[in-house]
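The values are calculated or read from the model by the stated rules, or taken from the named source; none is laboratory data. Since this is a predicted model, take the numbers as computed values, not measurements. Here the Cβ positions follow ideal geometry from the backbone for every residue, glycine too, while neighbour counts run over all protein chains shown. Side chains included, ligands, DNA and RNA excluded: accessible areas come from the protein's heavy atoms. Shrake-Rupley method; radii C 1.70, N 1.55, O 1.52, S 1.80 Å.
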Amino acid sequence: QVELVESGGGLVQPGGSLRLSCVASGRGFEINAMGWYRQASGKERELVATSTSGGSTKYANSVKDRFTISIDNAQNTMYLQMNSLKPEDTAVYYCNAGLYFADERGYLEYWGKGTLVTVSS
């Protein structure tokens, strides 16, 4: 059974940095792509950044040049380095993964439960 577990959220002052991690536990799969999404209170979930296993990345305009997504394929772990954080970055951050299984399961998509990031002085 595959599970995505996020960590690294917390309270940080404006201008500060945090690094989020997402580990895909389980076996028998290869990572196709992973991504971070966030949902602020009262708003819809939005894409933050995505990356293929080969390192092709995409970012929301609001986080370009501040956030960096990366995947360690050997450790089945994705990271989001967040710098120059702003109060508007406050949200629950969710991990998403598209995984390929060699058996009958084929391609499946998973979501983590989220980790809260609060940017406030």
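To keep it simple, each residue is scored yes or no on (1) without any contact (Cβ under 8 Å) to a residue 40 or more places away in the chain; (2) small (Gly, Ala, Ser).
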| position | (1), (2) |
| --- | --- |
| 64 | yes, no |
| 70 | yes, yes |
| 86 | no, no |
| 94 | no, no |
| 98 | no, yes |
| 101 | no, no |
| 105 | yes, no |
| 118 | no, no |
Please go through region 1-48 and give me each residue that is open to solvent by 50 Å² or more (accessible area, probe 1.4 Å), at positive phi and in contact with an Asp or Glu (Cβ under 8 Å, 6 or more places away or on another chain), ordered by number.
28
Tabulated pairs, region 12-30, first under 17 Å from residue 68 (Cβ atoms) and without any contact (Cβ under 8 Å) to a residue 60 or more places away in the chain, second open to solvent by 30 Å² or more (accessible area, probe 1.4 Å) and not in a strand (DSSP E or B), C-beta under 7 angstrom, 6+ apart or interchain
21/8
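Listed here are the residues, each with its yes/no results for (1) on the phi > 0 side of the Ramachandran plot; (2) surrounded by 13 or more Cβ atoms within 10 Å (Cβ to Cβ); (3) assigned to a loop (DSSP other than H, G, I, E, B); (4) among the aliphatic types (A, V, I, L, M).
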position	(1), (2), (3), (4)
50	no, yes, no, no
71	no, yes, no, yes
74	no, no, no, yes
80	no, yes, no, yes
Over region 88-112, the set of residues out of contact with any strand residue (DSSP E or B) (no Cβ under 6 Å at 6 or more places or on another chain) and either modelled with pLDDT of 95 or more or crowded, with 17+ Cβ neighbours inside 10 Å (or both) is 88
